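Colleague: Mind looking over this structure? Questions follow.
The values are calculated or read from the model by the stated rules, or taken from the named source; none is laboratory data. Every value quoted in this text rests on a predicted model; they were computed, and no experiment measured them. Cβ coordinates were reconstructed from backbone atoms using ideal geometry, including for glycine residues, and neighbour counts include every protein chain displayed. These area figures cover heavy atoms from the full protein model, side chains too; ligands, DNA and RNA do not enter into them. Shrake-Rupley method; radii C 1.70, N 1.55, O 1.52, S 1.80 Å.
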Amino acid sequence: FINCLNGLFLSGMNNLTINNTGTPEFFIMDADGLFTSRAIILKLINCDNLSLQNLNCTNVASTSAFKRGVVLDGCDNAVLSGLTFARYLTALELINSTNAAISNSLFKCNTERAILFSGLPSTGTVINMNNFDDNTYAITNQNAGSYDAGNNYWGDPLGSMTDNASSFGDRYQNTGGGMLTNTTTFAVNEFTANPILNPEINIKGNGIDIP
């Protein structure tokens, strides 16, 4: 792919698994990166029963956080685990993707937010046992949905700054009438089993390079 506006878009692939016991990654490198400033590295549309596991999606370009990571649109029953997202505008966005489970993942230094709920609610989605570290917002909920965000590490033993003004932990926000529940039930130490892996699938230059 040359001079691509975005990375990889997949649609209508039910039971899709991107899960490897090796070291899969999506990397944004220098040498132009993706072609647009708000490029998406991976977008999945209407892919029910999706499994994304053990992926390191990290923007390592010197231009820093000016990309978008993974977008799920209409992907019901998705399992997302063992993911690493760093240095994006928005790392992970869910639109109308019901009953997703986001766990055992690291979200670090994302400049707008780590996780975004937009469009129609992703009813039944849970965000548990993740590490949030130095994101402007850990989670932004722009719709009327309610999401369980209990038992996460917010970057501070005192939890999220949104719940405790004495904390330096990542904030969260509800801007569309919905809510995040169980945020005051949190981990006081980071989860140490959330890996950062070595590259195997890279996005670099103006498109995708699969070695």
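Colleague: Val70: net charge of surrounding residues, Cβ under 9 Å, Lys/Arg +1, Asp/Glu -1, itself excluded? Could the numbers behind the result be given before it?
Modeller: Numbers: positive: Lys43, Arg68; negative: Glu93.
Within the 9 Å Cβ shell, the charges total +1.
Colleague: How big is the accessible area of Ile18 in square angstrom, nearest 10, if you roll a 1.4 angstrom probe over the protein chains?
Modeller: Roughly 30 Å² of Ile18 is accessible to a 1.4 Å probe.
Colleague: Per residue, what accessible area does region 59-150 have, given a 1.4 Å probe and all protein chains present, in Å²? Could you put the intermediate results ahead of the total?
Modeller: Values: 2550 Å² over 92 residues.
Per residue, region 59-150 has an accessible area of 28 Å².
Colleague: Which value, in Å² rounded to 10, gives the accessible area of Val71 with a 1.4 Å probe and all protein chains present?
Modeller: Solvent-accessible area, nearest 10 Å²: 0 Å².
Colleague: Still on this structure: Once you treat every alpha carbon in region 142-194 as an equal point and sum by Debye, what is log10 I(q)/I(0) at q = 0.13 Å⁻¹?
Modeller: -0.31
Colleague: Check which residues have an amide H placed less than 5 Å from Glu93's amide H, if you skip close sequence neighbours.
Modeller: Val70, Val71, Leu72, Leu116
Colleague: Summing +1 for each Lys or Arg and -1 for each Asp or Glu, what net charge is found among the other residues whose Cβ lies under 14 Å from the Cβ of Ser97? Numbers along the way, then the final one.
Modeller: Values: positive: Lys43; negative: Asp48, Asp73, Asp76, Glu93.
Local net charge: -3.
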